[in-house]
Structures are given as structure tokens and as C-alpha cells.
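Novice: Just dropping this structure here.
Each reported figure results from applying straightforward, stated rules to the coordinates on display, with no laboratory input. All of these numbers come straight from a predicted model, not from anything done at the bench. Cβ: placed from backbone, ideal geometry, glycine included. Neighbour counts: every protein chain shown.
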Amino acid sequence: MSQIDASLAGAASPAAEASLVQPRLFGLALFGIFLVAVLLTCNLLGDPDTHWHVATGRWIIENRGWPTQDGFSHTFLGQPWIAKEWLSQVVMHGAYAAAGWPGVAFLGAAAIAGSLAALAGWLSRRLAPLMVANLVLLVFLLSSASLLSRPHVVALPLMMIWVLGVLDAAERGEAPGWLLVPVMLLWANAHAGYTIGFVIAGVLALEAMRAAGPRWLPTALRWGAVLGAAFLASCLTPYGYEALLVTQKLFAGGGREAIAHVEEWRSIEFDLPGVVGVLLLVLLLAGLALQPWRNVFRIALVVILGWMMVRHARFALLFAFAAVPIAMGAIAAGPLGARLAAASSPASRLRPGFAAIFAAATIALGAALSPTVKINPETTPVEALEAARRLGLVDEGRVYNTYNFGGYLIAQRVPTFIDGRTDQLFLGGFFDTFVRTRRPEARAEFLEHLRRHNVSWALVKTGSPEARNLEAAGWVARHSDEIGLVLTPPSN
């Protein structure tokens, strides 16, 4: 009889009772981490792109179709543009329609809590509770800057199901289950990052083939069948395989312009999340290096994910949630496995269902706290836009706007000069010119840029370089508050 069975029968020994305290303590610690996750992700609505994602979902519902060209800006109106993350955007709009911005915040908190719970549950079958709690905390710290109510977070649970599913299959020496095919179908329609799922699965398939020895061919065929079906499923989107092309164009084509200027595409910084990321990368590789030949495929994956994180800060979340289970699954099965699990008996591991309970409790807590989460005022020039409407500027002319105001303007049905959809639009030198001409020494080129696009009024951040350029050129302030400044040309 197991210690758990004995305790339920009322005949537990003191040692068994002591071992059963550990999951309770672990549960409290894990719930504490989830609580911190909800409380500290009050910045869930801090990103200006959240506005246009919700607005895109609204457009899809209102038009009962999917956009194929830009209808949100006046500078690139009619240019090819696809809502490659349409499913997440529709879900986000549904949350907004049901509960306003608190609903969107709650959606993000639920996705984060559920993903952390899935990771904790998977790790707890291999590691001691304290080790699991520490890893989950490090994952949260590393990914904290990317925990925003945007499609990549809405799709995070799907990514976790895929990654943990192919890892389990590799460890069992079997092909992944067919249920991962519909998971990929949903992921491909929810976020363009699904492509990394095939990289992870492909490398793990090589590991499974090597482990199969002489039976490598049947193993390869089984993996190939599932992954082939998953790839075909990923093309079942309103745009077919075009999402794959968007990713390719971003990194190999004109998208380099956006990568050069958008903050989340910059290299990782050595702040707290950056230090945690580099430290975690070193520790994971050191653990895998104890058995380099056995772990060669896991090392390759961690190096790929680590390089992506260091090169582009936005991939810190991917590294945190994918590289940790990829590495720790192999480390726990190696020489360090006994030590990492020595602090716990099987009875002290996280019981089946505990992770779901903690996630549900955190989701409930998130629902209670979500009304206190507010939209970032720095990206929502509410008073300034209302003033522009009263002045008749919105209906009569074309706006020049601060970059971070673009998402809010789309949500308010105002065609933008520029906004956050820079993976497909505002390229071909446009973004470079936008950034370069904000400097005082480029004022003449700045004004020419505005004339070229028939700009008749401006809504800019108060005190911004654009505001100083316009004021120095004689533009007249028609409204000013702490957030936004409305200006018109001298002739107006």
C-alpha cells in the first residue's frame, strides 16, 4: 500500500504524514507564485498593440470575414495585410465585448496562470517540489516583460500543450498523439509563432529515431505522419500558408526595418529578466553537458532558443516556457536526477489535478482583481482625441500620430499615420524615415514627410520629439494635456 493509500486508510506512519505535508506546502508556494503572477501582470493592458488586436477581432465579427488589405491606416490604405492571428483577436474582442478591458486582462491572466500550472505539473513528475517552485518563479521573472494581453499570451497554453506533448512522446520513445494535430490547427490560427513548434518537434523526432536504434525507420515514419498532418492542419487558415510567408519576410525581407526600430525586437538587456535569462541559459546547458552525446539534440534546441532570446528580447517568453522543460526533462533523467528529486518521495510530488486546481483558483482571483487593471494612459490620449473630434479634425483630415498612439486610434476608428502592425506594413523605408525625421536636425525632411502623405493635423505625445519639431515649425497647439497634444499647420 502506498503512503497516500495508507494515510487515507488512517494508518499512516509519522514519516508518511511528514511526506504528505510537502505537497501542501508546495501547493501554497505554487499558489503564491500564481498570485504574484496575477498581481504583477497589472501591466497586461500596458501595450498599445492590445487595442488594435481587439479592433481587428471586432472588424472580423462585424464584416463576417477576414481582412486581406489594410483598412486601418491612411498611409498604407489598401496595401496587402492579413490578420494572421485572427483567432486570438476574435477571442480578445469577445472578452472585451463581454466585460470590457477587465475581461481582456482576465483573459491574459488566465492564459498565464494556466500555462504556469501546466509547466509546474509536468516538472513535478520529475523534480522535487522546491526545485519546481524555483523554476516556475524563474520562468515568470524571465517572461514578465512579455506577459501582456496580446495574441502570443492568448496562444501560450496551446504552445505548452504542443511542447509538453512532443516531449512526453520523445521520452516514451513513441510518436506524438494525434490530438496534437488539432492543437496545431488552433495554434496556427492564434499566433504566428507556431512555426517554432515544428522546429522543436523535428529535433525531438531525431532524438527519438536515435533512441530507437535499428527500428529508427518505423519511428521516423510515425513521427513524420503526425508532424505531416500537423503541418497540413497549420495551413487550414483563412490565408492558407501565408502566415509562414509573413514570418519569412519579417526575418529575411523588408521586415528588418521593423526589427531595427521596435523595442521588443531588440537584443536582451541586462536588467533583472535579462540576467535571469542568461543565467538560466548557462545553467541548463551546464546540466545537459554532463551527458553531451545523450543530450545533443536537447542542447541544440536550448542553444537555438537561447540565441533567439539573446538576439530578440520578445523571445524571452518562448525560451522560458519551452527551453526549461526541454532541458529539465533530460537533466532529471541523467546523473543529477536523483539529487534533484532527492528531497521528495513520490507522495510529495504534485498530485494529478493539483495544477488544474491552482490554475482555477488563480483564474478566479484574476477575475476578482481584473476590474482594478487599467489601460495604460500613456498610450490612450482620450482627452486629446475628444478635443480633435470637437474641432472637426478627425473627419476632415489625415493625422500624424505618435507611434504608441496608433493602436488606440485604430480602436477609435481613426485612420493612422503609423501603428504597431510593422511586421507587414510601414516598411520600404517608411519606418526608417519616421524614426530618422523625429530628430531636430531633420526637421525639414520631417515636414516634407508629412506633406507627402497629406497630413493636416497631428496627435502626438506631449513633450515628444515630434511635438517639439512641429511647434518649432510654427504648428499651432489646439489642445494640450499631460498625455496628448493636438496641433494643426500654421495656415489652419
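Novice: Between region 155-211 and region 252-299, what is the C-alpha centre distance in whole Å?
Specialist: With region 155-211 and region 252-299 each reduced to a Cα centre, they are spaced 20 Å.
Novice: Something else about it: Rounded, prolate or oblate: pick one for region 105-194, where a ≥ b ≥ c are the square roots of the eigenvalues of its C-alpha gyration tensor, a/c under 1.5 means rounded, and failing that, prolate if a/b is larger than b/c, else oblate.
Specialist: Oblate is the answer for region 105-194, as a/c is 1.5 or above yet b/c matches or exceeds a/b.
Novice: Check which residues have an amide H placed less than 5 Å from G484's amide H, if you skip close sequence neighbours.
Specialist: A384, T462
Novice: Can you order the peptides 47-59, 379-391 by their average number of other Cβ atoms within 10 Å per residue, highest first?
Specialist: 47-59, 379-391
Novice: In whole Å, what are the extents of region 183-274 along the principal axes defined by its C-alpha atoms, from largest to smallest?
Specialist: 50, 37, 23
Novice: Take the Cβ-Cβ distance between R256 and H453 as r, set R0 to 22 Å, and report the resulting FRET efficiency rounded to the nearest 0.05.
Specialist: Calculated transfer efficiency: 0.45.
Novice: Let me ask another. Please give the length that would be gained between V435 and E396 if that part of the chain were fully extended, namely 0.36 nm times their separation in residues minus their C-alpha to C-alpha distance (nm, one decimal).
Specialist: Extra length from V435 to E396 when fully extended: 11.4 nm.
Novice: Less than 14 Å from a label point 7 Å out along the Cα-to-Cβ axis of Q79: which backbone N atoms in region 434-463 qualify, by residue?
Specialist: It comes to 434-435, 453, nothing else.
Novice: How many nm separate the modelled label positions at L336 and I61, each set 7 Å beyond the Cα in the direction of the Cβ?
Specialist: Label at L336, label at I61, 4.7 nm between them.
Novice: Here is a further query. Suppose R0 equals 25 Å. What FRET efficiency, 1/(1 + (r/R0)^6) with r the Cβ-Cβ distance, do A472 and E269 give to the nearest 0.05?
Specialist: 0.20
Novice: Give me the percent of DSSP beta bridges within region 386-492 that run antiparallel, rounded to the nearest 5.
Specialist: Around 65 percent of the beta bridges assigned by DSSP in region 386-492 are antiparallel ones.
Novice: Sticking with this structure for a sec: How far is it, in nm, from the label point at S480 to the one at E242 when both lie 7 Å from their Cα along the line to the Cβ?
Specialist: About 4.5 nm separates the two model spin labels.
Novice: With Kirkwood's inverse mean 1/r over C-alpha pairs for Rh, give me the Rg to Rh ratio of region 381-488, two decimals please.
Specialist: Rg divided by Rh gives 0.93.
Novice: Please compute the modelled spin-label separation between R389 and E445, points set 7 Å along Cα→Cβ, answer in nm with one decimal.
Specialist: Here the answer is 3.7 nm between the modelled labels.
Novice: Hey, another quick one. Mind computing the radius of gyration and Dmax over the alpha-carbon atoms of region 46-89? Å is fine for both.
Specialist: 10.4, 29
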